[in-house]
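Undergrad: Take this structure, written in C-alpha cells, and hold onto it; I'll ask about it next.
The values are calculated or read from the model by the stated rules, or taken from the named source; none is laboratory data. It should be emphasised that the depicted structure is a prediction, and the values quoted were computed from it without experimental measurement. Cβ atoms come from the backbone with ideal geometry, glycine included; neighbour counts cover every protein chain shown.
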Amino acid sequence: MSDVSGFLMPAGFRFAAGKAGLKASGRADLAVIVADKPAAAAAMFTANRVTAAPLEVDKRHLAATGGRVRVVAINAGNANCAAGQAGLDAAYRTCKAAAEVFGCEPAEVFPSSTGIIGVPLPAEKLVAAMPSLREELGSESDHFQQVAQAILTTDLVEKTAFARFSVEGREVRIAGVGKGSGMIHPRLVSAAPHATMLMYLLTDAEVEPEVLQGMLEYAVERSFNRISVDGDTSTNDTVLLLASGASGVKIPAGYAPFEEALRAVATSLARQVVADGEGVGHVVELQIEGAASDAEAVKVAKAIAHSPLVKTAWAGCDPNWGRLMAAIGNSGAEIDPLRIDIWFGELRICRDGGRAAELDEAAAHEYLKQAEYSVRIELHQGAGSCRFWTTDLTAEYVRINADYST
C-alpha cells in the first residue's frame, strides 16, 4: 500500500471516493477529482482502434471546452467498452449527473472506466452514488489516497507519486495517481483514441492547454510508453494532466524544471504499474544502447518485452540469452548479429554475437533470482538508446486471466 501521508496536494483540487455497487467485493468503486475552477487539461489515449465509450466522450468534451476540465469521474469494475450506443449513453448520463452535483457544465466532466469489457455499465448506480461524494470532498492526502484505492481492479497496491520545485520562492506541486496491473502495453497517442491503465497527473502550476499537451507528450513517451507487462494494449488506457493554476506560477513551454518533475512523477507511476503486474515474479529494466536511433532502441526493447520465450525464461531464472538474440533479430531494428553484446547486470553474457568466454552460468542463474534486475544490450549501430521496464510471464498470470470474467 502506498503511503501519501505528509505530502502536500497540489492546490486547487478536491477528492472523494465511494461505493456505487459495481465491484462484487463491495469495495469502493467510484471516485472523483474536482477542480475548484476549470483546469487546463491535456490528455493522451490508447492507440487501440477499439476504444471504450468514456474515451470517445472525453475527446468530444475536451474539444468543446478548449481543453478545460472541472470534474474527473472514475469508476472501477466495468470498462464501459464494447457496449455500443448504450455505452455512450451511460457515459453521457454519468457526466450529466456529475455536472449537476458539482456545479459545472456536462462538457467539463471527464469520465473514465476500468474493469471488464463487454458488460453494460449500470449508469444508474453511478448517478445514485454521486451526491454522497460531494459530501465527502476534501483536499488532504487521505482524500487523495481514497481515490487511489477506489480505482483499483486486479491491482494489489495503490499507485501514487509526487514532486515539487520552487520558482522565485513559490512552490509548484505535482501529484499523480493511477492504476494498472494487467493488459499493460500502453501505446498512448495524442491524436488517436488509448480498462487497464488509468493515470491522473495534477499540478497547481498555471499552464495553457496547448503547452500542457506538449509537456505531457514528452513525459509519456519516456515513461508510460516504455512499459509492458503482457504486450496487450487496453481499450481504455488514458493519461490526463490537469493544471489548476492555483499556485500562481505560470509555466512557459519548454520549462525544464517542470518537464523533469512531470517526467519523474510519470516514470514513478509507470514503474509501479510494472512492479504490480499480474503474477509478476521479476521486474526487468532493459537498457538498450548503441542503436541506430532511439526509435530503433525502443523496437528492440519491445521485441524482447513481448517474447513469451524470453519472459518464461525469466520466470524460471534461466539465463537463456539465445532467446534474447532471437528477439533482437525479430525486432525489425537495424542490427549486425556479429556486433551484439549482452550483460545481465555486470555479468558479461554475450560478446560480438556469441557466448562470452567469461560467461558463468551459475552466477547468471543466481543473478536472475533477484526480484528486480537489468539486462543491458549494446548494438554498436549508433547513439540511440532507451530504458524500458517489463516483467516475466508466470503461471500465476495465466491463472488470474483464465477466469477473470467468471
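Undergrad: When you look at VAL127, is it closer than 19 Å to TYR200 by Cβ, at pLDDT 95 or above, in the same structural domain as GLU210 (by TED's automatic domain parsing) and crowded, with 16+ Cβ neighbours inside 10 Å, yes or no?
TA: No, not satisfied.
Undergrad: Within segment 246-262, does at least one residue satisfy the condition of being on the phi < 0 side of the Ramachandran plot, in a loop (DSSP other than H, G, I, E, B) and in contact with a strand residue (DSSP E or B) (Cβ under 6 Å, 6 or more places away or on another chain)?
TA: yes
Undergrad: Let me ask something else. Residues being basic (Lys, Arg) and under 21 Å from LEU240 (Cα atoms): count how many of those fall in segment 94-134.
TA: Here the count works out to 1.
Undergrad: What is the one condition in (1) under 24 Å from the mean Cα position of the chain (by Cα); (2) of a type in the set (Lys, Arg); (3) at pLDDT 95 or above that ARG49 does not satisfy?
TA: (3)
Undergrad: Further question: Name the single residue that is modelled with the lowest pLDDT among those in segment 207-229 being in a loop (DSSP other than H, G, I, E, B) and under 14 Å from the mean Cα position of the chain (by Cα).
TA: VAL229
Undergrad: Could you give every pair whose Cβ atoms fall below 6 Å, whose first residue belongs to segment 341-367 and is in the same structural domain as ASP318 (by TED's automatic domain parsing) and on the phi > 0 side of the Ramachandran plot, and whose second residue is surrounded by 12 or more Cβ atoms within 10 Å (Cβ to Cβ) and part of a loop (DSSP other than H, G, I, E, B), counting only separations of at least 6 or pairs across chains?
TA: Within 6 Å, the pairs are GLY353/ILE340.
Undergrad: Among the residues of segment 49-65, are any in contact with a helix residue (DSSP H, G or I) (Cβ under 8 Å, 6 or more places away or on another chain), part of a loop (DSSP other than H, G, I, E, B) and farther than 23 Å from ASP237 by Cβ?
TA: No, there is no match, as no residue in segment 49-65 is in contact with a helix residue (DSSP H, G or I) (Cβ under 8 Å, 6 or more places away or on another chain), part of a loop (DSSP other than H, G, I, E, B) and farther than 23 Å from ASP237 by Cβ.
Undergrad: Something else: Could you pull out every one of the strands (runs of 3 or more DSSP E) wholly within segment 300-406 that has 1 or more residues that are farther than 24 Å from VAL274 by Cβ?
TA: 341-344, 347-351
Undergrad: Something else now. If I go through segment 360-389 residue by residue, how many of them are within 17 Å of GLU289 (Cβ to Cβ) and not hydrophobic (A, V, I, L, M, F, W, C)?
TA: Total meeting the criteria: 10.
Undergrad: Next question. Of all residues being closer than 29 Å to LYS23 by Cβ and among the acidic types (Asp, Glu) in segment 363-406, which is surrounded by the most Cβ atoms within 10 Å (Cβ to Cβ)? Just the residue, please.
TA: If we take residues in segment 363-406 being closer than 29 Å to LYS23 by Cβ and among the acidic types (Asp, Glu), then ASP392 is surrounded by the most Cβ atoms within 10 Å (Cβ to Cβ).
Undergrad: Out of (1) part of a helix (DSSP H, G or I); (2) under 21 Å from the mean Cα position of the chain (by Cα); (3) assigned by TED's automatic domain parsing to the domain that holds ASP360, the odd one out for THR267 is which?
TA: (3)
Undergrad: Here's a follow-up. Residues CYS81, CYS104: which one is more than 17 Å from LYS23 (Cα to Cα), in a loop (DSSP other than H, G, I, E, B), assigned by TED's automatic domain parsing to the domain that holds VAL34 and touching a helix residue (DSSP H, G or I) at 6+ places or on another chain (Cβ under 9 Å)?
TA: Exactly one of CYS81, CYS104 is more than 17 Å from LYS23 (Cα to Cα), in a loop (DSSP other than H, G, I, E, B), assigned by TED's automatic domain parsing to the domain that holds VAL34 and touching a helix residue (DSSP H, G or I) at 6+ places or on another chain (Cβ under 9 Å), namely CYS104.
Undergrad: Something else: Just the residues that are under 23 Å from ALA402 (Cα atoms) and crowded, with 19+ Cβ neighbours inside 10 Å, please, taken from segment 95-116.
TA: Once the filter is applied, which keeps residues that are under 23 Å from ALA402 (Cα atoms) and crowded, with 19+ Cβ neighbours inside 10 Å, segment 95-116 yields SER113, THR114, GLY115.
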